[in-house]
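One structure below.
The values are calculated or read from the model by the stated rules, or taken from the named source; none is laboratory data. Just so it is clear, the model here is predicted, and its values are computed rather than measured. Virtual Cβ from ideal backbone geometry, glycine too; neighbours counted across all protein chains shown.
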Amino acid sequence: MRSVAEVRAVMTAPGELFEMDEADIRGVRTRVWKHAPGTLRDILEMSRGYGDAPFLVYGDDRVGSPSTTRGRRRSRACWPAGSGW
């Protein structure tokens, strides 16, 4: 059986999905995943192909779906700035 360190090294190696890189974040050199989505919007856009599958999963809890959260985002985008949300 491989150790955690060995598995981490394999998963974060160059060319792998979880490849690591470095980026300046507010002037601080930080290790980041090279292939990570750049913004939350990118993540939400990638979710479009999943229809009504659960959007967030934690244990036995299932929250929304990409289609329902997309509808909520659209309705909130139309709310006036002072509406309290």
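Listed values, structure above:
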| read-out | value |
| --- | --- |
| Cross-chain or 6+ apart pairs with Cβ under 7 Å, segment 32-49 first and closer than 16 Å to GLY64 by Cα and modelled with pLDDT under 85, then of a type in the set (Phe, Trp, Tyr) and surrounded by 12 or more Cβ atoms within 10 Å (Cβ to Cβ) | SER47/PHE55 |
| Count - residues of segment 1-31 that are surrounded by 12 or more Cβ atoms within 10 Å (Cβ to Cβ) and either in contact (Cβ under 8 Å) with a residue 12 or more places away in the chain or not aliphatic (A, V, I, L, M) (or both) | 7 |
